[in-house]
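> I have a structure I would like to understand better, so I am pasting it below and will then ask my questions one at a time.
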Amino acid sequence: MKLVWTAIVLLAALGMLNLLLALGIIRRLREQADATGQRAPRRLRLEVGERVGEFSAVSTGGAPVSRSSLHGSVVAVLSATCAPCKALLPDFLEFAAAFPGGAGRILAVATGEAAEVAELIEQLEPVARVVTERMGGPVCAALGVSGFPSLLLVGDDGTVESSGGSMDVVRAPVARPVAAL
């Protein structure tokens, strides 16, 4: 029995040594990638100056939504399971209700399963066109979204004028005069 316990302890020690060596190698590879600039920062959404990709979807109200319908709009991509999205929602609803041009110039993308986003849709529909989809769906892909919340101000030419994860990115640029609809 003593031999079995000795073997178990020895194997456990070898396993721990292997784990420590693997973690050291991973750390060293990350340091090398950072030093040589080979590791790109994670993008959460399209950046300023980039053009929104092609997509087509249907809003919860039955209206078609596409890249061309976003010109001069604010887009919010939210998840019902995202704590920062829930914290941002009251501010966004207030902003959207007062936005020049109304709900026709606001697109809210609610991501997640139908049961998860039902309450979110109910809150957003009075102030925005709402599209629902799973993460990585066509609208998220066209907006380059891989993190929540994502807010974008799309210019009249279809390029992103402002983007980020807080209301500040859409509030400041809106102070400019709005073109006739």
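> For region 87-107, check the following and say yes or no: at least one residue is over 24 Å from R43 (Cβ atoms), among the charged types (D, E, K, R) and surrounded by 16 or more Cβ atoms within 10 Å (Cβ to Cβ).
Yes, because at least one residue in region 87-107 is over 24 Å from R43 (Cβ atoms), among the charged types (D, E, K, R) and surrounded by 16 or more Cβ atoms within 10 Å (Cβ to Cβ).
> To continue, here is another question. Residues that are among the polar types (S, T, N, Q): which strands (runs of 3 or more DSSP E) entirely in region 73-181 hold 2 or more of them?
Answer list for region 73-181: 73-79, 160-164.
> Oh, and also: Under 14 Å from G61 (Cα atoms) and either touching a helix residue (DSSP H, G or I) at 6+ places or on another chain (Cβ under 7 Å) or in contact (Cβ under 8 Å) with a residue 40 or more places away in the chain (or both): is that true of V139 in this structure?
No, not satisfied.
> Is it true that some residue in region 134-154 is out of contact with any Asp or Glu (no Cβ under 6 Å at 6 or more places or on another chain), over 14 Å from V77 (Cβ atoms) and in the same structural domain as L70 (by TED's automatic domain parsing)?
no
> Give region 1-31 a look and list any residue that's among the basic types (K, R) and over 37 Å from the mean Cα position of the chain (by Cα), or say none.
Just the residues of region 1-31 that are among the basic types (K, R), to begin with: 2, 27-28, 30.
Of everything in region 1-31, just one residue is among the basic types (K, R) and over 37 Å from the mean Cα position of the chain (by Cα), namely K2.
> Do you know which residues across region 43-82 are under 18 Å from the mean Cα position of the chain (by Cα) and of a type in the set (A, V, I, L, M)?
Result: L44, L46, V48, V52, A57, L70, V74, V75, A76, V77, L78, A80.
> What is the one condition in (1) more than 20 Å from V58 (Cα to Cα); (2) at pLDDT 95 or above; (3) within 13 Å of the chain's Cα centre (by Cα); (4) of a type outside the set (D, E, K, R) that S146 does not satisfy?
Against the list (1) more than 20 Å from V58 (Cα to Cα); (2) at pLDDT 95 or above; (3) within 13 Å of the chain's Cα centre (by Cα); (4) of a type outside the set (D, E, K, R), S146 comes up short only on (2).
> Hey, any hits in region 24-40 for a residue that's on the phi > 0 side of the Ramachandran plot and either at pLDDT 85 or above or of a type outside the set (A, V, I, L, M, F, W, C) (or both)?
Checking region 24-40: at least one residue is on the phi > 0 side of the Ramachandran plot and either at pLDDT 85 or above or of a type outside the set (A, V, I, L, M, F, W, C) (or both).
The values are calculated or read from the model by the stated rules, or taken from the named source; none is laboratory data. Not measured: the values here are computed from a predicted model. Cβ atoms come from the backbone with ideal geometry, glycine included; neighbour counts cover every protein chain shown.
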